[in-house]
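Novice: The structure's right below; bear with me while I get my questions together.
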Amino acid sequence: MKIISKLPHTGTSIFAVMSGLAKEHQAINLSQGFPDYDCHPQLLEFVRKHISGFNQYAPLPGALSLRETICELLQNCYNANYHPETDITITAGATQGIYTSIAAFINQGDEVIVFEPAYDSYIPAIEVHGGIVKPITLEYPNFTINWDVVKNTITNQTKMIIINSPHNPSGTTLGEDDLLQLQALVKDKDILVISDEVYEHMCFDGKKHQSVARFPTLAKQSIIVSSFGKTVHATGWKLGYVAAPKELMNEFRKIHQYLVFCVNHPLQLALAEYLKDASTYQELHHFYQAKRDYFRSLVSGSRFLLEPCSGTYFQLLNYKHITEEKDIDFAIRLTKQKGLATIPLSVFYSDQKQQQLLRFCFAKKDETLEKAAEIICTL
Ligand code: PMP
Ligand code: GLN
């Protein structure tokens, strides 16, 4: 049979590749982003409670109690009004939220502005739906957006702009001024914003997360995507949510119902009960800021250079004083020979830009970070 690939240039995700290699070589895995500690015992208690009696389909948009809890979260954190009936859908992780949003709104020939380095699921989803990717490079070292470049990239075909703050893989965050510039640029245009906010509760040094939900004009033409995986240390549950005004959510749900219809019911109920206590998410940044600071202090004496990190659970390290190897080659060698797996940054650029940067996930127990730092300090 002749197969005509929809993604002829796409290979296996770097996260699967590096975690696979880490396993094969029994390396410490700071590559794929996931914690090596469990979720809160109280949350697991709620799971035990709901696992009996709720093992049939959830409502199509998600359990109402969880949608209500999300609306409270959006109100508590961003002073934003979203309606649980019409504006929230619970998804199979942020990945499905992003893919479904693109499927719902991108047609053949539509242009989508994406900032690089870009999380790996955006571009393939755009391409599958016939969209044209317009990449814009974030400016090193703070991975800032040049809004003049964005303005000059917008054409009559621009249908969507995807932003992501706190940003994976760079660990940087957008400021209020960025959101205001975006709001001004898309106002009165038929341009939709997807705002990937999966690290919304991990902003450091007193910075506030700039959700599009804080900007009512912008929020009217935006889809917010988030992930419970990050917030409650449960990436394996693959649960997330999407928030958008009713007219956008209507279209989103038309696709959602045929991709998954609904997602894991008992876990939604457990999350709803757990997240009713706002401190579960509002205090998270203290936990991760302490992890960031500990990891940075452990590697500060190494030959790596620490890049800025104001959000997420990722730290970029620059290895220009260590080797001239390509980042992928270095990352593979580190895993195989030194027993430490990381993520090379070039994979998040369409032109595989080489900047001698590796991404390290610090969502790990202190002892894991200490073992990793021991290796880092020998290089
Ligand atoms: N967006 C970003 C920026 C991410 O880092 C991730 C990954 N963890 C996702 C989306 C996907 O989240 P999920 O695992 O909930 O699908
Ligand atoms: N978001 C996680 C990361 O950046 C990985 C998610 C995945 O494996 N697809 O490492």
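The values are calculated or read from the model by the stated rules, or taken from the named source; none is laboratory data. A quick note: this is a predicted structure, and the numbers were derived from the prediction, not measured. Cβ: placed from backbone, ideal geometry, glycine included. Neighbour counts: every protein chain shown. SASA here: full protein model, heavy atoms, side chains in, ligands and nucleic acids out. Shrake-Rupley method; radii C 1.70, N 1.55, O 1.52, S 1.80 Å.
Novice: Closer than 26 Å to Gly97 by Cβ and among the basic types (Lys, Arg) - does that describe any residue in the range 319-333? So that I can check it myself, show each step before the final result.
Specialist: So in the range 319-333, the residues closer than 26 Å to Gly97 by Cβ come out as none.
No, every residue in the range 319-333 fails to be closer than 26 Å to Gly97 by Cβ and among the basic types (Lys, Arg).
Novice: Inspect the range 272-283 for any residue being at pLDDT 95 or above and buried (at least 24 other Cβ atoms within 10 Å of the Cβ) and give the result as yes or no. Steps first, answer last, please.
Specialist: Of the residues in the range 272-283, the ones at pLDDT 95 or above are 272-283.
From what is left, the residues that are buried (at least 24 other Cβ atoms within 10 Å of the Cβ) are none.
No: the range 272-283 contains no residue that is at pLDDT 95 or above and buried (at least 24 other Cβ atoms within 10 Å of the Cβ).
Novice: Please work out which residue is farthest from ligand 1 (Cβ to nearest atom), limiting yourself to the range 238-249 and to residues that are in contact (Cβ under 8 Å) with a residue 40 or more places away in the chain and either part of a loop (DSSP other than H, G, I, E, B) or surrounded by fewer than 22 Cβ atoms within 10 Å (Cβ to Cβ) (or both). Quick ask: steps written out before the conclusion?
Specialist: Here is the first cut: in the range 238-249, the residues in contact (Cβ under 8 Å) with a residue 40 or more places away in the chain are 238-246, 248-249.
Narrowing further to those that are either part of a loop (DSSP other than H, G, I, E, B) or surrounded by fewer than 22 Cβ atoms within 10 Å (Cβ to Cβ) (or both): 238-239, 244-246, 248.
On the way: Lys238: 6, Leu239: 7, Ala244: 16, Pro245: 21, Lys246: 24, Leu248: 19 Å.
The residue in question is Lys246.
Novice: Shifting gears a bit: Starting from the range 167-181, take each residue that is open to solvent by 80 Å² or more (accessible area, probe 1.4 Å) and list its partners that are modelled with pLDDT of 95 or more, counting only C-beta distances under 7 angstrom and pairs at least six apart or across chains.
Specialist: Glu176/Gln210
Novice: Search the range 116-140 for residues that are closer than 15 Å to Leu345 by Cβ and pair each with any residue that is open to solvent by 40 Å² or more (accessible area, probe 1.4 Å) and within 16 Å of ligand 2 (Cβ to nearest atom) when their beta-carbon atoms are under 8 Å apart and the residues are at least 6 apart or on different chains.
Specialist: Listed pairs, sorted by first residue: Asp120/Ser13; Asp120/Val347.
Novice: In the range 91-189, which strands (runs of 3 or more DSSP E) lie fully inside it and hold 3 or more residues that are within 12 Å of ligand 1 (Cβ to nearest atom) and at pLDDT 95 or above? Steps first, please.
Specialist: Details: elements: 111-116, 132-137, 158-164.
Hits in the range 91-189: 158-164.
Novice: Hey, another quick one. Given the conditions (1) of a type outside the set (Asp, Glu); (2) more than 22 Å from Glu273 (Cβ to Cβ); (3) open to solvent by less than 50 Å² (accessible area, probe 1.4 Å), and given that His50 satisfies all but one, which numbered condition is not satisfied?
Specialist: All conditions are met except number (2).
Novice: Here's a follow-up. Against the definition (within 16 Å of ligand 2 (Cβ to nearest atom) and surrounded by fewer than 21 Cβ atoms within 10 Å (Cβ to Cβ)), how does Ser19 come out, yes or no?
Specialist: Criteria met by Ser19.
Novice: Continuing with this model, one more query. Residues to consider are Val149, Val112; find the one that is aliphatic (A, V, I, L, M) and closer than 20 Å to Leu7 by Cβ.
Specialist: Just a single option satisfies the conditions, and that option is Val112.
Novice: Take the range 10-36 and flag every residue that is within 22 Å of the chain's Cα centre (by Cα) and either of a type in the set (S, T, N, Q) or under 19 Å from Ser279 (Cα atoms) (or both).
Specialist: Matches in the range 10-36: Thr10, Thr12, Ser13, Ser19, Asn29, Ser31, Gln32.
Novice: May I ask you to list the residues in the range 209-230 that are outside any strand (DSSP E or B), under 17 Å from the mean Cα position of the chain (by Cα) and either closer than 24 Å to Phe261 by Cα or basic (Lys, Arg) (or both)? Before the answer, list the steps.
Specialist: Restricting attention to the range 209-230, the residues satisfying the condition of being outside any strand (DSSP E or B) are 209-221, 228-230.
If we keep only those that are under 17 Å from the mean Cα position of the chain (by Cα) too, we end up with 209-213, 228-230.
Selection gives Phe228, Gly229, Lys230.
Novice: Among Gln42, Gln75, which is open to solvent by 60 Å² or more (accessible area, probe 1.4 Å), outside any loop (DSSP other than H, G, I, E, B) and without any contact (Cβ under 8 Å) to a residue 60 or more places away in the chain?
Specialist: Details: Gln42 fails: without any contact (Cβ under 8 Å) to a residue 60 or more places away in the chain.
Checking each option against the conditions leaves just Gln75.
Novice: Another question about this same structure. Within the group Arg292, Arg303, which residue is open to solvent by 30 Å² or more (accessible area, probe 1.4 Å) and among the basic types (Lys, Arg)?
Specialist: Working: Arg292 fails: open to solvent by 30 Å² or more (accessible area, probe 1.4 Å).
Just a single option satisfies the conditions, and that option is Arg303.
Novice: For the range 329-379, which positions are assigned to a loop (DSSP other than H, G, I, E, B), of a type in the set (Gly, Ala, Ser) and open to solvent by less than 10 Å² (accessible area, probe 1.4 Å)? Quick ask: steps written out before the conclusion?
Specialist: Looking only at the range 329-379, we keep the residues that are assigned to a loop (DSSP other than H, G, I, E, B), and these are 339, 342, 349-356, 362-365, 377-379.
From the residues that got through so far, the ones that are of a type in the set (Gly, Ala, Ser) too are 339, 350, 363.
Matches in the range 329-379: Ala363 only.
Novice: Okay, moving on. If you scan the range 251-264, which residues turn out to be in contact (Cβ under 8 Å) with a residue 60 or more places away in the chain and open to solvent by 30 Å² or more (accessible area, probe 1.4 Å)?
Specialist: Going through the range 251-264, the residues in contact (Cβ under 8 Å) with a residue 60 or more places away in the chain turn out to be 251-257, 259-264.
Matches in the range 251-264: Glu251, Arg253, Lys254, Ile255, Gln257, Leu259, Val260, Phe261, Asn264.
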